[in-house]
Amino acid sequence: MQKLQFDLFDDRYEVIERVSAKSRNIRIEVRSPREVVLVIPRHAPKYAARDFLKSREGWIQQKIAEMRQRHADAPLDPQRLNWDNRDRIPLRGIDLPLRVVSTSMRNISVRVDDEAISVFSPSAQLGDRTKLQRVLVQELQRQARQDAQRMMNEEAARLGIRVGEPRIGDQKTLWGSCAADGGISLSWRLVMAPPAVFRYVVIHELCHIKHHDHSDAFWALVEQQMPDFDTHRTWLRDQGARLHLYLPSSRSAN
């Protein structure tokens, strides 16, 4: 069985130690995906509490993953497209107008440039919003694959490793993952984020090829490759969910 290294929206959490005069036993409270409270009875030594915390890391990660999944499954307020030339979609960190152009061509096509995202459609298909969106998503996935491959090639060369082609999908709770064999999977929605955020996720996953964990050595390597990585990691934590409000689509990956 192939073991995968999964990375959630925010894979680190803060531990708050609280000494309690009432507690008889050491216990852990997972308050949120980013906050864990270690309750320490007054009579218990801190080293014992910290050892207990370390022994329960798997349980903590499971609880955090469950919290994030509940959040991911909660109803969102999607930014539904009206296809009336007033819609805007973020691409590489910039909200671009979505233009719909009637054309004599037989098939729907999409053109992306610095000024707009243009969808060219035969007049007979202008009302088929499902098909218009499907073709638009396919183009954005293609753009994401191109960006991902370029970034992976550049960053792999800096790390002194070899990489193949990325797998692009629409994961709800993952921005990226690294397989045991070094295969990288990435969310196509990263192409909507600022390029530095996309690059951070690429670097993060490539660093897992050398360190299959989130050890200090792993984070030191990430920081070596991108000294300001925490800025982009914070952007994902605070703004990333917004990217899932656009173009809700199937879970299929390419």
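The values are calculated or read from the model by the stated rules, or taken from the named source; none is laboratory data. Because the structure is a prediction, the values reported are computed rather than measured. In this analysis, Cβ positions are derived from the backbone assuming ideal geometry, glycine residues included, and neighbour counts consider all displayed protein chains. Side chains are part of the model used for accessible areas, which takes the heavy atoms of the whole protein and leaves out ligands, DNA and RNA. Shrake-Rupley method; radii C 1.70, N 1.55, O 1.52, S 1.80 Å.
Rolling a 1.4 angstrom probe over the protein heavy atoms, how many square angstrom per residue are accessible across the chain?
That works out to 55 Å² per residue.
Could you tell me which of rounded, prolate or oblate describes region 178-254, using a ≥ b ≥ c as the square roots of the eigenvalues of the alpha-carbon gyration tensor, with rounded for a/c under 1.5 and, failing that, prolate when a/b is larger than b/c and oblate otherwise?
oblate
Counting Lys +1, Arg +1, Asp -1, Glu -1, what net charge surrounds PRO122 among other residues with beta carbon under 11 Å of its beta carbon?
Taking every Cβ under 11 Å from that of PRO122, the sum is +1.
Please give the helix 195-210 orientation as an angle from the longest Cα principal axis of the chain, in degrees from 0 to 90, rounded to the nearest 10.
Long axis of 195-210 versus the principal axis of the chain: about 50 degrees.
Where a Cα-Cα gap under 24 Å defines reach, which lysines qualify for LYS210, not counting those fewer than 8 residues away within the same chain?
Partners within reach: LYS3, LYS54.
On C-alpha positions alone, give me the angle between the axis of helix 229-239 and the longest principal axis of the chain, in degrees, nearest 10.
Here the helix axis deviates by roughly 70 degrees.
Taking amide H positions as placed 1.01 Å from N in the peptide plane, with prolines and chain starts having none, which residues 5 or more places from ARG88, or on another chain, fall under 5 Å of its amide H?
Distant-sequence amide H within range of ARG88: LEU98.
Once you list every other residue whose beta carbon is under 9 Å from the beta carbon of MET152, what net charge do they have if Lys and Arg are +1 and Asp and Glu are -1?
Net charge around MET152: -3.
Amide H of ARG27 versus every other amide H placed in the peptide plane: which residues, excluding those fewer than 5 positions away on the same chain, fall under 5 Å?
VAL39
So who's got an amide H within less than 5 Å of the one on GLN171, skipping anything under 5 residues away but keeping other chains? H placed 1.01 Å off N, in plane.
TRP188
Rounded to the nearest 0.05, what FRET efficiency do ALA217 and SER32 have when you use their Cβ-Cβ distance and R0 = 35 Å?
0.80
Of the heavy-atom accessible surface of the chain (probe 1.4 angstrom), what whole percent is carbon and sulfur?
With neighbouring chains kept in place, the figure for the chain is 47 percent.
Can you give the calculated 222 nm mean residue ellipticity of the chain, where each DSSP H run of n ≥ 4 adds -39,500 (n - 2.57) and the sum is split over every residue, rounded to the nearest 500 deg cm²/dmol?
-12500 deg cm²/dmol
Once both axes come from the Cα atoms, what is the angle between helix 46-55 and the longest principal axis of the chain, in degrees from 0 to 90, rounded to 10?
That works out to roughly 40 degrees.
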